[in-house]
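One structure is given here, and the rest of the page talks about it.
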Amino acid sequence: MDLNYFNPKYPSVADLKVAAKKRMPSFAFDYLEGGCNQEVGLQTNRKAIESVQLRSELMKPFSSSSLEVELFGHTYSAPFGIAPVGLQGLMWPKTPEILAESAAKLNIPFVLSTVSSASLESIAEISEGKAWFQLYNPTDADIRKSLLKRVEQAHYPVLVVTVDVPTFGFRHRDIRNGLSIPPKMTIKNVIQMLANPTWLLETALVGKPEMQTLKPYMPKNMPVDQLAEFMNNTVMGRVDLEGLKPIRDLWKGPLIIKGLINEKDVEASISLGADAVVISNHGARQLDRGEAPIKPLFNISKKYGKQIKVFVDSGLRNGPDIASALACGADFTFLGRPFVYGVGALGKQGGVHTINSLSSQFEQVMRQLRCHSVSELPQHLIVDSVK
């Protein structure tokens, strides 16, 4: 793996997205790209982050910028990580493995989704124990205990509990495509696979994508059309304060609550004993009229930033977006879709390329602002732009 890899044909995430769309079957790209209902939320997220403005301070003494950020006793090389994305192997074969290795080598966090196509044990090995694990709170207490025991035994340092999926998002694209994992062999989907021979060949070589972490808990030979019912009845348990207390009791390491917008929920997370929260609307995949995370982020960070770490995701696409979110008070940022675009476009080198591209973009903003460290970014925020 060339850790300095950067393909100049794809300097932006938008370039990666175009290339990935050409190489993925439409049903897989739609799952990655789509939002909820009319997908208004996708535009809301982008408009909000693009409205943030920053101000340079050019005449002050300046030498260089450091991108490093310390979290939970570890110093990361950049202030962004790879957010959990479900069904990654459906979009491009071995995506979680590629991204976990790239993140570990370049020293940023990779968060493995409960519904990933790779097992938590294999990702722990590939990432050399550096990956974080994202958990949907299981309805079944035995499954919860089993999953958390596996996460602990695999030496994951950080647990991220997602709470913003109390229901399945009503996603028109996935409904039309009859999305399932493995994909249904409808005539429409078969045609899409055949139209993407590289994806089809690589998928054939590694085997059909399955939810490897959850596989031990699934009934044998369960029909694919029963997957949603299994998820709803078994995996998607209570996400209120009482429902999360057993996880806090069982998990002794750093605990992050992901998917919050409301200040009251942040207060509840603090009372639970969480170490961090992720201000997020699940990439606009759950509530189409939801608030863009960048809006409440500013007030939440000012009000609670000394009591708990405040992270953010949803809608971030480039270095200026990362800088803007950090300027609004985030301690750290996460991006999901851009990294999957990268692997879809460039395969095994896609993870390294995307990390290096985002790092270069972010560093350019830092140097333009004359900002020595990530912690100085809030000093460069034009506050009126986020009110």
### Task
Assuming 0.692 mPa s and 37 °C, estimate D for the stretch 13-386 with Stokes-Einstein, Rh taken as the Kirkwood radius over Cα pairs, in µm²/s.
157
### Query
For the stretch 1-122, what is the Kirkwood hydrodynamic radius in Å, using each pair of distinct C-alpha atoms?
17.6
### Message
I'd like the FRET efficiency for Lys245 and Glu128, computed as 1/(1 + (r/R0)^6) with the beta carbon distance as r and R0 of 51 Å, rounded to 0.05.
### Response
0.95
### Task
Would you please report the Å³ per residue occupied by the convex hull of the alpha carbon atoms in the stretch 184-236?
105
### Query
Separation of the stretch 1-46 and the stretch 164-208 by C-alpha centroid, Å?
16
### Message
Cut-off is 10 Å between beta-carbons; in what order do Leu87, Leu316 appear when sorted fewest neighbours first?
### Response
Leu87, Leu316
### Query
For q = 0.19, 0.24, 0.25 Å⁻¹, what log10 I(q)/I(0) does the stretch 120-211 give under the Debye formula with an equal point scatterer on each alpha carbon and no solvent?
-1.04, -1.12, -1.16
### Query
How big is the Cα convex hull of the stretch 261-387 in projection, averaged over all directions, in nm²?
8.8
### Whole-Å distance, taken between Cα centres, linking the stretch 217-287 and the stretch 321-370
26
### Karplus (6.51, -1.76, 1.60) ³J(HN,Hα), θ = phi - 60°, over the stretch 57-71, in Hz, Gly and Pro reported as x
10, 8, 8, 7, x, 8, 10, 7, 10, 9, 8, 6, 9, 9, 9
### Task
Please work out, to two decimal places, the log10 of the ratio I(q)/I(0) at q = 0.15, 0.20 Å⁻¹ from a Debye calculation in which every Cα of the stretch 150-203 carries one identical scatterer.
-0.73, -0.83
### Message
On a 27 Å Cα-Cα criterion, which of the cross-link pairs Lys17/Lys302; Lys21/Lys208; Lys22/Lys130 come out too long?
### Response
Lys17/Lys302; Lys22/Lys130
### Message
If I model a spin label as a point 7 Å beyond the Cα along the Cα-Cβ vector, how far apart are those points for Ser66 and Ser146 in nm?
### Response
4.6
### Task
Once you have all Cα-Cα distances for the stretch 321-387, histogram them in 5 Å bins from zero and send the whole-percent values.
4, 16, 24, 19, 15, 12, 7, 2, 0
### Summary
Computed on Cα atoms, Rg of the stretch 39-189 relative to 2.2 N^0.38 Å comes out at 1.30
### Task
Kindly state, as a whole number, the per residue volume in cubic angstrom of the convex hull around the alpha carbon atoms of the stretch 166-254.
161
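Readers should treat all values here as calculations from the given coordinates under stated rules, not as data from a laboratory. Computed from a predicted model, the values in this text were never measured in an experiment. Every residue, glycine among them, receives a Cβ derived from its backbone with ideal geometry; neighbour counts consider all protein chains shown.
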